[in-house]
Amino acid sequence: MKNIFIHPEMILVVKRNNFNTNSSESERLKLEAAKEEGRKLASEILESLFNNVLYGKIESHFNTERLNSDNFSEIRESVISLHHQRNVISVEGEKYLLEITSLKTKLNRIDKSFFRFLFKNKISLLKEQIKLKEEEHLSIKHIEEESYLKINFKFDQIMVKEAYSDLISAFTDLKYSHKIWDMIYSERNSETKAAAGTTMERSEVRFKFDSIKSILTNEKSFCFENFNGGDFYFYPSFIIYFKNHEDIAIIDYNDLIIKYSEIRYLEESQNIPNDTFILGETWYRVNKDGSPDRRFTDNFQIPIVSYGSIQLQTISGINELYYISDPRKAKHFCEQYYRYQDLLK
């Protein structure tokens, strides 16, 4: 298979970035051309592997308004092209899996039949077909795995490399926080006598070391999961916002603003994270002086805890809020991010 597909490689020097956020019609056309190139290359790969390969047209719609850092245009086009190549090949692989499953079901049904001795030739044919399809599926999976952009990051200054290493170390601590939540909704609490002035909806997410499948690098990259949108992948010189395998944005570090704050939270859950700080207690129904409102018989105490808040924002509209059970780890990560970001300005 190596003579069929050779993955692209590039060397990227991590240094101060001169970025331009102005998009243009020519940039849009480049992105569309990159997507079409990926589809076309995938078709050629599959046709060179097998005869009469048929598959439906795949249509994807990218929010190109967010792909706005011109200094990353080459990377962006390569990622988009490879992403579409992987899509086409992956769809073909799934078709083969369905065919293999169907053939195995037929074989199993005949094999369990009381009259199986009458179908020796058919059983033999089915086994040959299954073996052939499995070999072809393995070939497709191999090509899919080799469809990536290899990026070798080189730091122009030792202090930049050390700062990124410190950021990775801070993230390692951060991801082991007992609880990480994506805060997805909030509104003012209009309920009389309620202690919590704001009602918030949240969902647990993971922070992890990871990369999007179409990129392979020589440096660690990490990911902020996002419950109701695209995940954020942090690389040494850019951040990728990757949404539902459809919408990709490459963001300059200088475009992504991270804000830290320590917040007091009324934790009604019975499972208090073991790494957070309990500041005190209040009552679910409370008087102005902090005493419980005796008019409510079902009143109960609520722990007041300290969480770390990390907010991600861009002028193009990204606005995500995370709560971290250990505020010290959240603060330390943000401090290292500020330091690294400052070196790239």
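With respect to the conditions (1) touching a residue at least 24 places away in the same chain (Cβ under 8 Å); (2) open to solvent by 80 Å² or more (accessible area, probe 1.4 Å); (3) more than 30 Å from residue 314 (Cα to Cα); (4) not small (Gly, Ala, Ser), residue 178 lacks only one, and its number is (3). Residues in region 214-246 that are at pLDDT below 85 and in contact with a His (Cβ under 9 Å, 6 or more places away or on another chain): 214, 245, 246.
If you go through region 208-246 and pick out every residue that is more than 18 Å from residue 13 (Cα to Cα) and among the polar types (S, T, N, Q), you end up with 5.
For residue 100, the criteria (1) of a type in the set (A, V, I, L, M, F, W, C); (2) surrounded by 12 or more Cβ atoms within 10 Å (Cβ to Cβ); (3) more than 23 Å from residue 87 (Cα to Cα) hold in every case but one, which is (3).
Return the residues of region 248-296 that are within 30 Å of residue 83 (Cα to Cα), assigned to a strand (DSSP E or B) and at pLDDT 90 or above; say none if nothing qualifies.
Selection gives 257, 258.
Restricting region 198-235 to residues that are without any contact (Cβ under 8 Å) to a residue 40 or more places away in the chain and more than 22 Å from residue 173 (Cα to Cα), the residue that is least open to solvent (accessible area, probe 1.4 Å) is 230. Scanning region 94-104 for any residue that is among the hydroxyl-bearing types (Ser, Thr, Tyr), closer than 30 Å to residue 270 by Cβ and in contact (Cβ under 8 Å) with a residue 24 or more places away in the chain turns up nothing.
Residues that are of a type in the set (A, V, I, L, M, F, W, C) and modelled with pLDDT of 90 or more within region 303-345 comprise 310, 312, 321, 324, 330, 333, 334, 343, 344, listed in sequence order. Cβ-Cβ contacts under 7 Å between residues 6 or more apart (or on different chains), taken from a first residue in region 74-91 that is in contact (Cβ under 8 Å) with a residue 60 or more places away in the chain to a second residue that is assigned to a helix (DSSP H, G or I) and surrounded by 24 or more Cβ atoms within 10 Å (Cβ to Cβ), are listed as 80/38; 82/38; 83/38; 85/38; 85/42.
You will find that of 247, 252, the residue that is surrounded by 19 or more Cβ atoms within 10 Å (Cβ to Cβ) and farther than 22 Å from residue 302 by Cα is 252 and no other.
Residue pairs whose Cβ atoms lie under 8 Å apart, separated by 6 or more positions or on different chains, with the first residue in region 107-136 and within 17 Å of residue 93 (Cβ to Cβ) and the second at pLDDT below 85, are 136/49; 136/50.
The values are calculated or read from the model by the stated rules, or taken from the named source; none is laboratory data. All values derive from a computational prediction rather than experimental measurement. Please note: Cβ atoms are built from the backbone with ideal geometry, for glycine as well, and neighbour counts cover all protein chains shown. Remember, those area values only see protein heavy atoms, side chains included, never the ligands or the DNA or RNA. Shrake-Rupley method; radii C 1.70, N 1.55, O 1.52, S 1.80 Å.
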